[in-house]
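The values are calculated or read from the model by the stated rules, or taken from the named source; none is laboratory data. On a predicted model such as this, the values are computed, not experimentally measured, just so you know. Side chains included, ligands, DNA and RNA excluded: accessible areas come from the protein's heavy atoms. Shrake-Rupley method; radii C 1.70, N 1.55, O 1.52, S 1.80 Å.
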Amino acid sequence: AETSDVLKLDCTTVHVACAYLDRLLLPATDASSGTSDIPTHLWQLVALTCLRVAGKFEEAEENVPSIDSFTKHLTTPIKLAPAQVREWEIYVLQRLEYNMSMVTPMHCITYFNGRGVVFKDDSWNGRALIDKIPRYVQKYTEFFANLCMQDYLYQQFSPSLLAAAIVYSARHALSVAPLWRPELEELTGHCTEDAHQVFLKIWGLYSDTFPAHARRTSASPKSVTDFEGELEQPVQPVTSA
């Protein structure tokens, strides 16, 4: 995650890179021994190569990290020449069989947030919304998406369903009511019950991973000052790319 921040890559690019890495490592793992045919000392190199390849697929051309900016994030003492970086990119492409199209929950979340997941007649903690609520909802959707990316449990859900449950989780975390609306069902294609069932799993993971923060979130802020203090520096999970 820190590398993608330094390289100024979009959150969606990170999610695509992680999906590429999963596709590379999981089929390459021997189920009987639990070992991968990709040596562990190369995992960082493969992960960063996935990030660069994902950047080429997801980002505008001018935002794709240069080879120099890419290689300086490698902790290996081995220095790679540009031609070697390109060889690793070809390796990743071949292992993925050049099937680069990926729809992740983050794609859906970006679309949902763009269409709007907060409405004028929503309430916050029983009162009228404040102007910052939509921005904080977006921040929490990205946070929960990053959190879910770290657990294979969530791969069983379709990207749109997981994204809908993440929106539900963000609204819950911020005490936005109602938690689900007909407009959100129409936007996401998922009903309250479906979103709620996956939300329970997300909130369970959140509570287990960040118990103190989850308790503070569950105790709704009573004033705008409390609200801003709670969300000023939300805990960020560590992602694998």
State in Å² the accessible area per residue of region 113-167; use a 1.4 Å probe, count heavy atoms of protein chains only, and round to the nearest integer. 48 Å²
Calculate, in nm to one decimal, what Glu186 and Ala83 gain on full extension: separation in residues at 0.36 nm each, minus their alpha carbon distance. 32.2 nm
Expressed in angstrom and rounded, the centroid-to-centroid distance over alpha carbons for region 164-207 and region 52-125 is 26 Å
Can you run phi through the Karplus equation (6.51, -1.76, 1.60; θ = phi - 60°) for region 137-147 and list ³J(HN,Hα) in whole Hz, with x for Gly and Pro? 4, 4, 4, 6, 5, 5, 4, 5, 4, 5, 5
